[in-house]
Amino acid sequence: MTETARLQGTAAALPEQHTRPEQHPAPPLPGPGTLLLGLLRTARPKQWVKNTLVMAAPAAAGRLFSLHALTQLALVFALFTACAGAVYLVNDARDAAADRAHPTKRHRPVAAGQVPVPVAYAVGGTLAVLAPAAAAWLTTPSVAALLTAYLGMQLAYCLSLKHVLVVDLAVVTTGFLMRAMVGGLALGIPLSRWFLITTGFGALFMVAAKRYSEAVQMAGQAGATRALLTEYTTGYLRFVWQLAAGVAVLAYCLWALEEGGVPHTSVLPWRQLSMVAFILAVLRYAVFADRGTAGEPEEVVLGDRALALIGLVWIAMYALAVANW
């Protein structure tokens, strides 16, 4: 009887044991180190290289290598990085639920639970307030105004504009253009119309090439990446990046051939010769766009040795032209 009672007691306890795994306790809160690492990853450190565009206008004007210029540009770089980080944090917090269902985005810190959604919103909002305020205090009012406009535009993009045809391309392109403009505003450098046109359409070329590549790679997989890509045709995106490439090349050539009243004392016409390197760089980049493999611009440039070499040659010619050597 004792053995029977023991077996009955064990059997009676089994249902209770089987019900316990069905209770899903809340995941533990991340520790301080895990949380900070998650916040850093959400701020997309790989994307920070785009913010080096703040040096474009000072470099074009030959005012890059002075202590004042380098200090101001380092500050502007940090402020722009903070603004971009704020946008990434708010975007990932807003899209956390959708990202969890995505095969790749579910590994993002917010979607994975490494960074709680309220914390992402709080840190993003704090950066969005502090960065323009610091710009108004430490730089010029125009820099603060541009950073505020960038934040407003990018947050509107996260909320709704990324779902609007053509407008989404314009917003992303304008973000690149703002990066190129802010360095000139910080140092009080007049921005050439050719500089703005070349930079704007060059950015549109890379943005449209990236979207075209995504559309080619997701053919037959609607909804696998950006939902808006199902609204574009590959033919239309190809037309956009080809048009943008042509305008960028034309604007650069007009800039290079413009005399501007500057006496020529250099050994060679570096300004005009730089057109060759610029056109070769566009043609080389177009190879990846045509194949549908033009992903992030910095990855394309740094991942192809020939393109990187052409870029270095162009930078050298550009520098010699500015220095009038």
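Among the residues of the range 197-211, are any surrounded by fewer than 20 Cβ atoms within 10 Å (Cβ to Cβ), at pLDDT 90 or above and on the phi < 0 side of the Ramachandran plot? Quick ask: steps written out before the conclusion?
Applying the first criterion (surrounded by fewer than 20 Cβ atoms within 10 Å (Cβ to Cβ)) to the range 197-211 yields 197.
Checking which are at pLDDT 90 or above leaves us with 197.
Adding the requirement that they be on the phi < 0 side of the Ramachandran plot leaves 197.
Looking through the range 197-211, at least one residue is surrounded by fewer than 20 Cβ atoms within 10 Å (Cβ to Cβ), at pLDDT 90 or above and on the phi < 0 side of the Ramachandran plot.
Please return the ranges of helices (runs of 4 or more DSSP H) entirely within the range 55-158 where 1 or more residues are hydroxyl-bearing (Ser, Thr, Tyr) and touching a Ser or Thr at 6+ places or on another chain (Cβ under 7 Å). Can you show your working first?
Numbers: elements: 56-60, 67-94, 96-100, 117-138.
Helices (runs of 4 or more DSSP H) meeting the threshold: 67-94.
Which residues, counting only those in the range 68-94, are free of Cβ contacts under 8 Å to residues at least 60 places away in the same chain and charged (D, E, K, R)?
Matches in the range 68-94: ASP92 only.
Could you identify the single residue in LEU147, LEU191 that is farther than 30 Å from ALA98 by Cα, in contact with a helix residue (DSSP H, G or I) (Cβ under 6 Å, 6 or more places away or on another chain) and not aromatic (Phe, Trp, Tyr)? Spell out the reasoning first.
Numbers: LEU147 fails: farther than 30 Å from ALA98 by Cα.
Only one candidate qualifies: LEU191.
Go through (1) farther than 30 Å from TRP241 by Cα; (2) touching a Leu at 6+ places or on another chain (Cβ under 8 Å) and name the single condition VAL129 misses.
Exception for VAL129: condition (2).
Could you tell me which residue of the range 286-308 is surrounded by the most Cβ atoms within 10 Å (Cβ to Cβ), considering only residues that are closer than 16 Å to LEU237 by Cα and among the small types (Gly, Ala, Ser)?
Only one residue tops the list, namely ALA294.
From the list ALA134, ALA215, ALA149, which residue is of a type outside the set (D, E, K, R) and either in the same structural domain as GLU298 (by TED's automatic domain parsing) or under 27 Å from VAL282 (Cβ atoms) (or both)? Give the derivation first.
Values: ALA134 fails: either in the same structural domain as GLU298 (by TED's automatic domain parsing) or under 27 Å from VAL282 (Cβ atoms) (or both); ALA149 fails: either in the same structural domain as GLU298 (by TED's automatic domain parsing) or under 27 Å from VAL282 (Cβ atoms) (or both).
Result: ALA215 is the single residue among ALA134, ALA215, ALA149 that is of a type outside the set (D, E, K, R) and either in the same structural domain as GLU298 (by TED's automatic domain parsing) or under 27 Å from VAL282 (Cβ atoms) (or both).
Which residues, taken from the range 58-111, are surrounded by 18 or more Cβ atoms within 10 Å (Cβ to Cβ) and on the phi > 0 side of the Ramachandran plot?
none
From the list ALA78, ALA101, which residue is among the small types (Gly, Ala, Ser) and either in contact with a Leu (Cβ under 8 Å, 6 or more places away or on another chain) or modelled with pLDDT under 90 (or both)? Even if it seems obvious, please write down each step before you answer.
Working: ALA78 fails: either in contact with a Leu (Cβ under 8 Å, 6 or more places away or on another chain) or modelled with pLDDT under 90 (or both).
Only one candidate passes the filter, namely ALA101.
Restricting attention to the range 48-57, and to residues there that are over 12 Å from ILE189 (Cβ atoms) and either among the hydroxyl-bearing types (Ser, Thr, Tyr) or touching a Lys or Arg at 6+ places or on another chain (Cβ under 8 Å) (or both), which single residue is surrounded by the fewest Cβ atoms within 10 Å (Cβ to Cβ)?
Taking the range 48-57 and keeping what is over 12 Å from ILE189 (Cβ atoms), we get 48-53.
Applying the additional criterion that residues be either among the hydroxyl-bearing types (Ser, Thr, Tyr) or touching a Lys or Arg at 6+ places or on another chain (Cβ under 8 Å) (or both) yields 50-53.
On the way: LYS50: 19, ASN51: 19, THR52: 14, LEU53: 21.
So the residue we want is THR52.
Give me the pairs, please: first residue somewhere in the range 242-256 and modelled with pLDDT under 95, second residue anywhere and basic (Lys, Arg) and assigned to a helix (DSSP H, G or I), beta-carbon distance under 8 Å, and either six or more positions apart or on two chains.
ALA256/ARG271
Considering ALA156, ALA144, ALA136, which residue is crowded, with 19+ Cβ neighbours inside 10 Å and free of Cβ contacts under 8 Å to residues at least 24 places away in the same chain? Show your work before the answer.
Details: ALA156 fails: crowded, with 19+ Cβ neighbours inside 10 Å; ALA136 fails: crowded, with 19+ Cβ neighbours inside 10 Å.
Every option except ALA144 fails the conditions.
Among VAL276, VAL322, VAL301, which is the only one that is without any contact (Cβ under 8 Å) to a residue 24 or more places away in the chain and touching a Gly at 6+ places or on another chain (Cβ under 8 Å)? Before you say what the answer is, go through the steps one by one.
On the way: VAL276 fails: touching a Gly at 6+ places or on another chain (Cβ under 8 Å); VAL322 fails: without any contact (Cβ under 8 Å) to a residue 24 or more places away in the chain.
One residue alone meets the criteria, VAL301.
Any chance the range 170-181 includes a residue that's among the β-branched types (Val, Ile, Thr), in the same structural domain as VAL300 (by TED's automatic domain parsing) and under 20 Å from VAL249 (Cα atoms)?
Within the range 170-181, none of the residues are among the β-branched types (Val, Ile, Thr), in the same structural domain as VAL300 (by TED's automatic domain parsing) and under 20 Å from VAL249 (Cα atoms).
Go through (1) polar (S, T, N, Q); (2) within 17 Å of the chain's Cα centre (by Cα); (3) at pLDDT below 90 for SER160 and report which single condition fails.
Evaluating SER160 over (1) polar (S, T, N, Q); (2) within 17 Å of the chain's Cα centre (by Cα); (3) at pLDDT below 90 leaves (2) as the failure.
Just checking, how many residues over the range 309-325 are exposed (fewer than 15 other Cβ atoms within 10 Å of the Cβ) and within 25 Å of the chain's Cα centre (by Cα)?
Let us first name the residues in the range 309-325 that are exposed (fewer than 15 other Cβ atoms within 10 Å of the Cβ), namely 309, 312, 315-316, 323-325.
Now narrow it down to the ones that are within 25 Å of the chain's Cα centre (by Cα): 309, 312, 315.
The qualifying residues number 3.
The values are calculated or read from the model by the stated rules, or taken from the named source; none is laboratory data. What you see is a predicted model, and the numbers here were worked out from it, not measured in a lab. Every residue, glycine among them, receives a Cβ derived from its backbone with ideal geometry; neighbour counts consider all protein chains shown.
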